[in-house]
Every structure is written in C-alpha cells, then in structure tokens.
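The values are calculated or read from the model by the stated rules, or taken from the named source; none is laboratory data. Values in this document were obtained by computation on a predicted structure and should not be read as measured data. Cβ placement follows ideal geometry from the backbone for every residue including glycine, while neighbour counts extend to all protein chains displayed. In case anyone asks, the SASA skips ligands and DNA or RNA and just uses the protein heavy atoms, side chains included. Shrake-Rupley method; radii C 1.70, N 1.55, O 1.52, S 1.80 Å.
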Amino acid sequence: MTNLKQAILQGIPSELPAKKNINPSVSHAPNRKEILNKEEKKLAIRNALRYLPEHMHVVLAPEFTEELKTYGRIYMYRFMPNYEIKARHLEDFPHKSKQAAAIQMMLSNNLDNAIAQHPEELITYGGNGAVFQNWAQYLLCMQYLAEMNDEQTLVLYSGHPMGLFPSHKDAPRVVVTNGMMIPNYSKPDDWEKFNALGVTQYGQMTAGSFMYIGPQGIVHGTAITVLNAARKIDPKAEDLSGKIFVTAGLGGMSGAQPKAAVIAKGVCIVAEVNPQATYKRKKQGWVDEVYKNIDELLDRAIAARESKEAVSIAYDGNIVDLWERVVERNIHIEIGSDQTSLHNPWAGGYYPVGISYKDANEMMVNNPEQFKKEVQKTLVRHTNAINTLSERGMYFFDYGNAFLLESSRADADILKPNGDFKYASYVQDIMGPMCFDYGFGPFRWVCTSNDAKDLAITDRIAAEVLEEIMQHSPTEIKLQMSDNINWIKAAGENKMVIGSQARILYADAEGRMKIAEAFNNAIASGELSAPVVLGRDHHDVSGTDSPYRETSNIYDGSQFTADMAIQNVIGDSFRGATWVSIHNGGGVGWGEVINGGFGMLLDGSIDADRRLKSMLFWDVNNGISRRSWARNKEANFAIKRAMQMNPDLKVTIPNIADDSLINSLDL
Ligand SMILES: NC(=O)c1ccc[n+]([C@@H]2O[C@H](COP(=O)([O-])OP(=O)(O)OC[C@H]3O[C@@H](n4cnc5c(N)ncnc54)[C@H](O)[C@@H]3O)[C@@H](O)[C@H]2O)c1
C-alpha cells in the first residue's frame, strides 16, 4: 500500500504528531476578530478536543488556546498531513467505493495549494469559503470516505463528519450542510461566534461542496455575460467584436474580465488602481497591454474597434479618471460595468480618485473618516460620468459588486424618481432572462483519471453532442448553443485548467443530459480511461435562492423565499446524486442566500445512465418551473418545451392578469 493510502486510512493519528509551523509561502486567512467571552472560549476548546484522544489534551489545550487567541479560530495546524493534497487519479485514493474515491479527489482539489486561497486554514475562495473548519475534520472525513461502502452515507455538518449511516446504493454517498442556522441567528456576527465555537462554517458555494475548479468557471461565466450584453444592445451582433467594454478591477474574480472579453472577440478597457494586480494579470496573459497614458490607451482602443481586433487593455490608474476623460473626449462606449469590490468599500475594496494608491492605503488606517468621505465623493463623480455616457447611448450594468447600492448611499445621482436604481444588474438584464430562464447554467465535469487526454476526449464529445442538438434547437436558444460550441472547441487552446482536469460549459437540461449520457457510454466502451464526475456551480438555474443575485429577476415576491433551493437538494438526493450540499451564505453573504449543488459519478454503468437522466432533468427543470410560475416568459417557453419532451412532467402554468384590470382596482 502506498504511503498516501496508509496516511489517509490512519485518520486521526494515535500518537501526537510533531508541532507544525505555518507555511510562509502560502496565503493565510486574516485573523478573525475576538468574539467569544471567557466561558465561550472554554466551550470552543472543549469542542476542539473532542476530536482527539484524551492523552493528547494536556499538550493540545494550551496550543488551541494560543490558536484561538492569535487567529480567532482553532485550525489544529499540528494535524496538517505530511503528503501533498491535490487531485490525483481516482485509484490513488484508498477506497471500497469508487464514488467515495471520487469525492476524495474533488475535495483534495479544493485544498490544493495551487487552487485554494488560504489552504492551511482550509479556505478555498472568497476569504471564508471553507471546506472544513479544522484539520481533524479533514482527517476523519478522508478516513470515512476511504472505509465506506456503497450502502453507507457520510453525513457532514458544516465540515464535521457526524459519521457513516447505513443507506442504499442509490442514496448519496455524502450529504453536506454548511452554515444552516435557525434564521434568527444568521446575522454576520453570529457567523463569527458560531464558527469560532467550531460548530458551523461558511461554505461559500463550490468550496464547501467540493466542486471548485479554479478560475476557469469565472472566465466562462464572464464571457457568457459580455457576449449577451453585446446582443442585448445590438440584436444583430453575434459577439462583442467591434464594441468597446469598459470596466474596472483586475482582482480575484474581476481579473477574468479582459480574458473573457477577448474570448468574446471584443475590445476591453479595464482600469486597475493596484499596479501589482495589473502586472500579475499582464504576466499571466489575461490582459494584453498596459497603459499609464489615458489618451494613448483610448486611441489604441478606438483603432482596435475599427479593425475589429480582439484585445484587452489595462489602464494603470483609477477608473474615475478614465471615465471622466472618455466624457471629455466624447468617445462612444458601447458597454460599461464595474467590478471594484464595493461590497467592501471602507477597507480596500474601492479606491478614491486623486489620491495615490499608497496614500489611500495609509488614510484608510490612519484617518478612516476622511477615507470614507473621499470614497463617497469619488462615487458621486463615478456615477456622474456613467450617467452622461449612458445618456449618450452606453449600456451600463451592475456586476453584483454593490456599485448601485454604495453609490446610492453616497447620495450619487443613481436613483430614478420612483426610488429604483437607474441601472439593472447582470442577472436581471442578462443572465436571468437570457440563460437561467431557459435552463442554461454552469454545468461542469472532472475526469477522475486526472489525465489531460481524457479531458480532450470529453471536450470533443461535448462539442459533437451540442452540434447535434443545435440542428433542431428553436431560434430562442440557438445563440446560446453556438456560444457554448465555440467555447468548448477553443477550451483546450485557452489553457484554463489549474488543478483537476475539469471543464465548464453552459448547457440546458437537454444538453447536460445528452453530454452526460455520451460520457457514460464512452466510459463503458473504454474510450475514456476512468469515470467522470459531473457537477455545477451553485450560481445556476435552480440551486440558489438569492434575491439580489441569482433570483433577482424573479418579480412575484418569492425572491425572498428559499423553497426552490431546498426542494432542489432534496430532489437531487433521491434521484441519484453521488453527493449533495446545501449552504447558508455564498457570494453575497451570511443570511443573504441559500444555495445548493450536487456531484454525480458516471462510471459507465446502467445505474449511472438511469440516475443521470432522472437527476439532471429535475435539477434544471425545478428552477425553470419556478421561474415560469413567477411569470418569466422565457421560462414559460422552456418549461412547455420540457413538458413536450417528457410527458411525465406536468407543471402548473400561471394565468396572466390583465394590467388594465389590476390598475383599475380601487386599492
Ligand atoms: N465576476 C463575477 O461574476 C462576479 C459576480 C458577482 C459579484 N462579483 C463582484 O465583483 C467584485 C470584485 O470581485 P474580485 O474578487 O475581483 O475582488 P478584488 O477585491 O480581488 O478585486 C477588485 C479590484 O478592484 C480594484 N479597484 C478598487 N477601486 C478601484 C478604482 N477606483 N479604480 C480602479 N480599480 C479599483 C482593486 O485594486 C482590486 O484589485 C466583488 O464585489 C464581487 O462580489 C463578481
């Protein structure tokens, strides 16, 4: 047996391992604020010690006290494994169940140093998106997965492995819940407290559900958004070519914008105030050119637009200086947005204009009141420039970064007379009606052989399946189909794989089912050398209820309910998902969203064929039916089509009341 297998099977070591220092070459989570009182701290230490044999407690109790004091959390660094955590071939993981081995592979990918944001604090992305709360949970979970069979289910409560329970072969092998709170205890400080006690965690979306695949997901989602933004303003446009998209931010997610816009064949200008972020993206090849001189930059962009060149150009400076110069020179910009981190405006998410980056960082700490005033003044100028350009014909959308909200709080001219924002968000205008309502969402798969050759075969199979489907697609969805065919054909060249051999592709129910079926057949025939895991981002049609993001284009009042996400996870679990997850929080914050997902292993069997058809059909059509019931006409079209495809589907269709009747009522 390999050392790796032995180490995983050992679980929590019976002898105390040597103390470990944290690795200075990886990024570490910020220290969390002190939130527990003395009695609560004792409870946190008692809670941590229950994972470990009593003979270790005398050493560990003071060590955990120190961790709690220093970091605000008990991570149990001493128990970090000595082996490298990363995706490997399924057979490299010890297992009795292939499904459980696939889950080991997926969660290992989420904790890979090359993938995870703060790997030693078990955080995959988004600052607090955790896979586990501490290393004891990791060790126990891996051991359970290695030992379990196909008639057991592992139950994970916010990273804590409650244990293996007898079930049956069609049941999920793992059920994950993260951060599920009694609603009255779901405010931000409640998270700090209960996470410090070691009884809950923030799983973000794909972090706590073992489905994160690195930056590829965000590049594809952003490419789909800008392509559809181009079509919204120009129904004849096939893509972004001959159009300029201006935005800001070259950070974690925002850094995908220039790469995505070039994939969409457009000209992208992106301002970034932090030169380190700008040059990191330049070095990576995610942005093509960098300028400090705004006029030279604008001349370059105009020339590229004229020649329909696809190029991304960074402005090394503040977005407001750029927008104001565009206004002065009266340059027409087709599409505008913003991805500075305005969800975090006072602590470095948004930098004021007219102050150097260095001075702004000092002011933030030494004079926070003045910093706040400067940010708000900048937001007023930012909004004025956007308003002028929009009046001249630019299409501006909010990119889910709280630009509209913070501008309104700064008293900028961002509201219509009726109190609504002047501009819509990307989900309200683009992703909702053009993708989610038709069932298109971020389907993904991972080759458990961990072999790039298998991924190339899956890319080819997926392209063939989509081309076949497109021959009979209705016009309403033809463009979505062709976007995804173009994406998958270029996916290998775009070299987006970091970590596991994974691919993302926007597909509807029919596309997801047929691609999955073709993969299962290719595994059965031996064309693919090992099983394939299916999954998706939670930022999708059915999995997530989030009133200001995924479900912001629901207007019947139900955007504040979470029945869809809960129904979805229950429905996936009894239709054959290999694992399911449901989370409180993700993207927009604790208490603001309920989101869920699944993983499914295709192993080439007849059982896998039955499960994929049953589960994927539900996993997409659940959300479409709810969107249709909310009177969204695109979803109404899609659900009627789904009913024709499967006569066993019978969905309640809304009757539409006449506006004049409603408006004539004496209310
Ligand atoms: N990409 C998406 O699909 C998506 C979806 C939903 C929400 N968002 C939101 O987008 C925002 C950005 O996310 P991120 O992960 O890239 O954050 P980030 O903090 O890593 O990056 C933001 C960047 O903006 C830069 N910046 C701040 N103020 C600036 C200014 N005035 N001019 C020029 N540059 C400035 C910062 O230096 C930073 O590099 C977040 O609020 C996130 O929630 C993105």
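Using every pair of distinct Cα positions in the stretch 1-112, the Kirkwood expression returns a hydrodynamic radius of 16.2 angstrom. For the stretch 565-626, the Stokes-Einstein estimate of translational diffusion at 4 °C and a viscosity of 1.567 mPa s comes to 105 µm²/s, using the Kirkwood hydrodynamic radius over alpha-carbon pairs.
Taking 8 Å as the Cα distance limit and 6 or more residues as the minimum spacing, I'd like the relative contact order of the stretch 382-427 as a percentage. Computed value for the stretch 382-427: 41 percent relative contact order. Report, in whole Å, the centroid distance computed from the Cα atoms of the stretch 220-270 and the stretch 421-465. After rounding, the separation between the Cα centres reads 16 Å.
When the square roots of the Cα gyration tensor eigenvalues are ordered a ≥ b ≥ c, the ratio a/c for the stretch 391-480 is 1.5 or more and a/b exceeds b/c, which makes its shape prolate. Could you point to the residue in LEU9, TRP579, PRO258 farthest towards the positive end of the chain's charge dipole, with +1 and -1 charges on the Cβ of Lys/Arg and Asp/Glu respectively? So the residue we want is LEU9. Charge dipole (Cα centre; +1 on Lys/Arg Cβ, -1 on Asp/Glu Cβ; no other charges) of the stretch 90-243 amounts to roughly 440 debye. Under a model in which nothing but the beta-carbon of Lys, Arg (+1) and Asp, Glu (-1) is charged, the stretch 304-410 shows a dipole of about 140 debye around its Cα centre. Once the chain from LYS377 to TYR279 is taken as fully extended at 0.36 nm per residue, the excess over their C-alpha distance is 32.5 nm. Comparing SER546, ASN520, GLY535 along the charge dipole axis of the stretch 512-565, the residue lying farthest to the positive side is ASN520, per the Cβ-charge model.
Note on the chain: antiparallel DSSP beta bridges, both residues inside, total approximately 55 percent of the bridges counted. If you take the Cα centroid of the stretch 36-62 and the Cα centroid of the stretch 150-167, the two points sit 24 Å apart.
Among GLU39, GLU306, GLU63, the order of accessible area from largest down is GLU306, GLU39, GLU63, computed with a 1.4 Å probe on protein heavy atoms. Rounded, prolate or oblate: pick one for the stretch 519-667, where a ≥ b ≥ c are the square roots of the eigenvalues of its C-alpha gyration tensor, a/c under 1.5 means rounded, and failing that, prolate if a/b is larger than b/c, else oblate. It is oblate, given that a/c is not under 1.5 and a/b is not larger than b/c. For the stretch 372-412 versus the stretch 594-612, the spacing of their alpha-carbon centroids is 44 Å.
Taking the accessible area of the stretch 13-63, probe 1.4 Å, and keeping the other protein chains in place, the carbon and sulfur fraction comes to 55%. In the structure shown, the pairs LYS232/LYS489; LYS236/LYS292; LYS193/LYS416; LYS187/LYS232 are assessed against 28 Å; a Cα-Cα span above that value is assigned to LYS236/LYS292; LYS193/LYS416; LYS187/LYS232.
Computed with a 1.4 Å probe over protein heavy atoms only, the accessible surface of the chain comes to 41 Å² per residue. For the chain, averaging the sequence separation of C-alpha pairs within contact (under 8 Å, six or more residues apart) and dividing by the residue count gives a relative contact order of 12 percent. Dividing the convex hull volume of the alpha carbon atoms of the stretch 168-258 by its residue count gives 212 Å³ per residue.
Taking MET76, MET643 and ordering them by how much accessible surface each has at a 1.4 Å probe, largest first, produces MET643, MET76. Most tightly packed first, judged by the mean number of other beta-carbon atoms within 10 Å of their residues, the peptides 366-378, 536-548, 476-488 read 536-548, 476-488, 366-378.
Over the stretch 205-259, the hull volume per residue, using the convex hull of the C-alpha atoms, is 96 Å³.
Ranked by the mean number of other Cβ atoms within 10 Å of their residues, highest first, the peptides 348-358, 162-172 fall in the order 348-358, 162-172. What a 1.4 Å probe finds exposed on the stretch 472-516 is 55% carbon and sulfur by accessible area, rounded to a whole percent. With bins 10 Å wide beginning at 0, the percent of Cα pairs of the chain falling in each bin runs 3, 15, 25, 26, 19, 9, 2, 0. In terms of the mean number of neighbouring beta-carbon atoms within 10 Å, the peptides 214-221, 617-624, 391-398 order highest first as 617-624, 214-221, 391-398.
For the stretch 218-303, the share of accessible area belonging to carbon and sulfur comes to 52 percent (1.4 Å probe, ligands and nucleic acids excluded).
Set the Förster distance to 56 Å, then compute FRET efficiency between GLU328 and GLU464 from the Cβ-Cβ distance, nearest 0.05. Computed FRET efficiency for GLU328 and GLU464: 0.65.
A dipole drawn for the stretch 279-338 from +1 and -1 charges on Cβ atoms has a positive end, and of ALA303, VAL287, ILE331 the residue lying farthest that way is VAL287. Provide the FRET efficiency to the nearest 0.05 for the LYS5-PHE165 pair, computing r from the beta carbons and using R0 = 22 Å. The formula returns an efficiency of 0.35 here. Assuming charge only on the beta carbon of Lys and Arg (+1) and of Asp and Glu (-1), the dipole of the stretch 559-650 about its Cα centre is about 480 debye to the nearest 20. Note on GLU391/HIS55: beta-carbon distance plugged into 1/(1 + (r/R0)^6) with R0 of 56 Å gives a FRET efficiency of 0.15.
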